[in-house]
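J.: One structure coming up, written as structure tokens, with questions to follow.
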Amino acid sequence: MSDALQSLSRFIPELILMGALAVVIVADLITQRRPLKSSTDLLNGITLVGLFAALVTSWQALGTVEAQSLFASMLADDGLLGVFRPIFCLTSIVVLLLGMRSKELEGVRLGEMLALLLTVTAALMWMAGSVNLVMIYLSLETVSVASYLMVGYLSSDRLSNEASLKYILFGAVSTGAMLFGLSLLYGMTGTLDLYGVRAALAEGAFGPGLLFVLILIAAGIGFKIAAAPFHFWCPDVYTGAPTPVTAFLSVGPKAAGFAVLIRFFYLGMAEPAGGGALAPVGGADWQMLLMMLAVITMTLGNVAALLQTNVKRLLAYSSIAHAGTMLMAACVLSVEGVQAIAAYLAIYLFMNLGAFAVVILAHRVTGSFEIDSYAGFWKRSPLLTVAMGIFLFSLMGIPPFAGFLAKWYVFAAVINAGLGWLAVIGVLNAAVAAFYYVKVLRVMVIDQETGPTPALAFSRLDLALLVLLVVPNVLGLLFWGSLDRVTEYSQTLLELG
Amino acid sequence: MIPLEHYLYISAALFSLGVFGVLTRRNAVNVLMSIELIFNSANINLVAFSRFVEGALGGQVFALLVIVIAACEAAVALAIVMSLYRVVKHVNLDDAAELKG
């Protein structure tokens, strides 16, 4: 009992989100008969306040207190969770702002969508904190079920429904496979606790049996981070979902998936081997498994993106490629890899959400997601074109933008671990990626529009949003030192146990 | 007493049947039924291991939670199927192919 009470004091951001969730549901019911505009404004305001309070509290908690396990060792509140919490809150805040400006969500009652957003944000934090097989499965499913509903939110829209159905079928099969793998792992080790799993695996060699189990579990995690060959849902769902939801899926659940990946493999499947390095336990070479996943994911994502004509599909494949890059860092088997992933995700948040912000703003005027509809944007709105240029160059990883820093961290970690060949494949992939990002820019700057070309007008909120997203990308290099400090916190990952 | 192996044979068979169903069925509701088989195969594993390996209740509690989650997921999935049916008047997965490329 005292354990539960004590745990609650380390659980403030989640509690704030749950409180905001309750208020949003009630406020949605009360304002049911009010005009849509005033009701939506009220609900957006409540959600924004809740998310912002959660961001502030999770920022304050970052790195100030030592690691501790919560709720009878179900969750661990340590540096890793500390780094991921602000990432989730920031993602949801930006997505909420995008939702206010999205044409697709205009004239739709947003109460349930906001309730789902708050639920997912809290569940993402549980995912990042879970150190128990039950909790991993439970939080992963909470995120999944809520995101299925968010994808299918436009219930009269055929594409939204179709995307949602594909998402839930793929999702249920992958998490089903993962659950089967978890049950077998439980049978092998006789415990559901990740630390217990590691202790039990360290005592014997399980070999191919364990590798089979890990492949099943990788299906569930791979589905969440959209890693090939578990990525088939990704392009369709990203295209069909309302664009703010797409933006959310491309960052939030992907980040949480990586948190689970790090926890499961680095905590449960490996033991410290001195000097911050880790060694696999149980006689299964899962490092090879992750390397294969990384290479396939990067290559497939980048090559498939070359062929796309729809910008949401292009960003879907681009997000698959970025997952591959981060998977490279996961193969490193040291704390440096964890830091690289955390830093990459923090930067990826701003560059990817930025690109989606431009897509949403452009959709307001063109009503289309085809890349061709961006022709003549340089004349119509230099501001939007420059912003898109910054986001895309950042995604490419070109200095002086922040994306370069992200790629630098990953490649440094990979090379330091002696995986030079993997880094070479990564660099080749980055070169391929430049082609499709530049293709979008070429259409915006060089191609001429055939019809009339009215200048684009933006509201103050649009400008604020763009500035909010552009600044971290441009000034990324200035924050080198502070980013280093943030990633230091993730070192405490291995403190418990 | 029935040995542990028999439970594992059953669960492996159920899992394979589930995966087979997911891959071959074209009707969304049939696919959902196959997915339930996958979940339940894991449940059999969990309960059997909890009895034979751990000797405590951890696996059984896990199985209960899985049942709850599976029910939620089925409810959401059927709601989505209904919603899609209202728009396109069928639930055939081969024809739900507006999104591709």
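J.: Tell me, what does the Kirkwood hydrodynamic radius of the range A:153-195 come to in angstroms if you use every pair of distinct C-alpha atoms? Each step should come with its number before you reach the end.
T.: Values: mean 1/r = 0.0798 Å⁻¹.
About 12.5 Å for the range A:153-195.
J.: Here is a further query. Expressed as an acute angle from 0 to 90° and rounded to the nearest 10, what is the orientation of the C-alpha long axis of helix A:402-416 relative to the principal long axis of chain A?
T.: Between helix and principal axis, roughly 20 degrees.
J.: I would also like to ask the following. Using label points projected 7 Å from each Cα along Cα→Cβ, tell me how many nm separate B:Ala56 and B:Val29, to one decimal.
T.: Placing both labels 7 Å along Cα→Cβ, they lie 4.4 nm apart.
J.: Okay, moving on. Expressed in whole Å with the largest first, what are the equivalent ellipsoid semi-axes of the range A:327-386 derived from the C-alpha gyration tensor as the square root of 5 times each eigenvalue? Please report the intermediate quantities before stating the final value.
T.: Values: eigenvalues 253, 23, 16 Å².
In descending order the semi-axes read 36, 11, 9 Å.
J.: May I pose another question? How far, in degrees from 0 to 90, does helix A:79-101 lean away from the longest principal axis of the Cα atoms of chain A, to the nearest 10?
T.: 20 degrees
J.: So what's the angle, to the nearest 10 degrees on a 0 to 90 scale, between helix A:460-474 and the longest Cα principal axis of chain A?
T.: The angle comes out at about 50 degrees.
J.: Taking only the C-alpha atoms, wrap a convex hull around the protein assembly as shown and report its volume per residue in Å³ as a whole number. Intermediate results must be reported in sequence, preceding the final value.
T.: Details: hull volume 89.2 nm³, N = 598.
Per residue, the Cα convex hull of the protein assembly as shown comes to 149 Å³.
J.: Here's another thing I want to ask about it. Compute the Cα gyration tensor for the range B:4-92, then decide on rounded, prolate or oblate, letting a ≥ b ≥ c be the square roots of its eigenvalues: rounded whenever a/c is under 1.5, prolate when a/b is larger than b/c in the other cases, and oblate in all that remain.
T.: Values: a/c = 7.00, a/b = 1.95, b/c = 3.59.
It is oblate, given that a/c is not under 1.5 and a/b is not larger than b/c.
J.: Given labels modelled 7 Å from the Cα in the Cβ direction, how far is it in nm from A:Thr309 to A:Glu370?
T.: 0.6 nm
J.: Now a separate question. Could you compute the FRET efficiency for A:Ala277 and A:Ser9, with r as their C-beta to C-beta distance and R0 at 25 Å, rounded to 0.05? Can you show the working numbers first?
T.: Working: r = 34 Å, r/R0 = 1.36.
The formula returns an efficiency of 0.15 here.
J.: Please give every one of the lysines within straight-line cross-link reach of A:Lys103, meaning a C-alpha to C-alpha distance under 20 Å, and leave out same-chain neighbours fewer than 8 residues apart.
T.: Cα-Cα hits under 20 Å: A:Lys37, A:Lys312.
No lab work stands behind these numbers, since they all come straight from the coordinates. Because the structure is a prediction, the values reported are computed rather than measured. Cβ coordinates were reconstructed from backbone atoms using ideal geometry, including for glycine residues, and neighbour counts include every protein chain displayed.
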